[in-house]
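As structure tokens, the structure follows; a few thoughts come after it.
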Amino acid sequence: MNKILEQAQNIKNDIVEYRRTIHENPEVGDTLPKTKAYVINKLREFGYEPTEICESGIVATIEGPKPGKTFLLRADMDALPVEELTDFDFKSKIDGRMHACGHDFHTTALLGVAKLLGGEREHIKGTVILLFQPAEEAEHGGEKVVNTGMFEKYK
């Protein structure tokens, strides 16, 4: 456990950078070209082979060397059509849109997990699925993900 905490501390600055980048570039619904590209690029940088399973829905998996259970970790990626009224250096660069619900943090947290787990593959028993979901805010993103059949693939 101490090793993981130490590794998490070592990527703290990366995590702050991920969150600020995502926060500055909020996108609404399931059309998330910048967010999607950012997440896919980071996952590839960490050694994954991400797949887009529906519009802006991204899945990456970690297959451990030993059999075991399958776990799914999920993060929302979309923002809200709300004007950001802050003076932060990293506030939204897009008028009328912001990450008011914290999905920038959800996405960042899952990217942090992906980075940490990517270096621990030999210790994983089973499969870990990383799901980055679009359209959580009233656009049925969860339903769209379910309709891809991914839950039949990963029992």
The chain: angle of helix 103-118 to the longest principal axis, Cα-based, in degrees nearest 10: 30 degrees
The chain: relative contact order in percent, alpha carbon pairs under 8 Å with at least 6 residues between: 33 percent
Cleavage-rule hits, trypsin sites (Lys or Arg not before Pro), the stretch 40-134, DSSP coil, Cβ neighbours within 10 Å at most 16: K91, K93
Amide H partners (placed H, <5 Å) of V28, local residues excluded: A79
Separation of the I11 and T70 label points, Cα + 7 Å toward Cβ, nm: 2.3 nm
Amide H contacts under 5 Å for L72, placed H, 5+ residues apart: I129
Rg in Å to one decimal, and Dmax rounded to a whole Å, for the stretch 1-53 via C-alpha atoms: 13.4, 39
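Taking 35 Å as R0, compute the FRET efficiency from the Cβ-Cβ separation of D95 and K125 and round it to 0.05.
0.15
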Most mobile listed residue (F71, F88, F105) in the chain, GNM with C-alpha springs under 10 Å: F88
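Given a 1.4 Å probe, how much area per residue of the chain is accessible, in Å²?
56 Å²
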Vicinal HN-Hα couplings computed from phi for the stretch 121-135 (Karplus, 6.51 cos²θ - 1.76 cosθ + 1.60; Hz; Gly/Pro x): 3, 5, 9, 8, 9, x, 10, 10, 9, 9, 10, 9, 9, x, 6
Computed helical MRE - 222 nm, the chain, DSSP H runs ≥ 4 contributing -39500 (n - 2.57), nearest 500: -11500 deg cm²/dmol
Residues with amide H under 5 Å from that of C101, placed H, sequence gap 5 or more: L80
Fraction of beta bridges assigned by DSSP in the chain that are antiparallel (%, nearest 5): 55 percent
HN-Hα J in Hz across the stretch 79-88 - Karplus 6.51, -1.76, 1.60, θ = phi - 60°, x for Gly and Pro: 10, 10, x, 10, 6, 7, 10, 10, 10, 5
Carbon + sulfur, % of accessible area of the chain - ligands and nucleic acids excluded, 1.4 Å: 52 percent
Whole-number D in µm² s⁻¹ for the stretch 68-155, Kirkwood Cα-pair radius fed into Stokes-Einstein, 20 °C, 1.002 mPa s: 143 µm²/s
Label point distance in nm, T86-E143, each placed 7 Å from Cα along Cα→Cβ: 3.2 nm
Karplus-derived HN-Hα couplings along the stretch 60-71 (A = 6.51, B = -1.76, C = 1.60, θ = phi - 60°), whole Hz, x at Gly and Pro: 9, 10, 10, 9, x, x, 10, x, x, 6, 10, 10
Under 19 Å from K66, Cα to Cα: aspartates and glutamates that are on another chain or at least 8 residues apart: E120, E122
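The values are calculated or read from the model by the stated rules, or taken from the named source; none is laboratory data. All figures in this text were calculated on a predicted structure; none of them were measured in a lab. Here Cβ is always computed from backbone atoms with ideal geometry, including for glycine, and neighbour counts include all displayed protein chains. Each accessible area value is taken on the protein alone, full model and side chains, heavy atoms only, with ligands, DNA and RNA left out. Shrake-Rupley method; radii C 1.70, N 1.55, O 1.52, S 1.80 Å.
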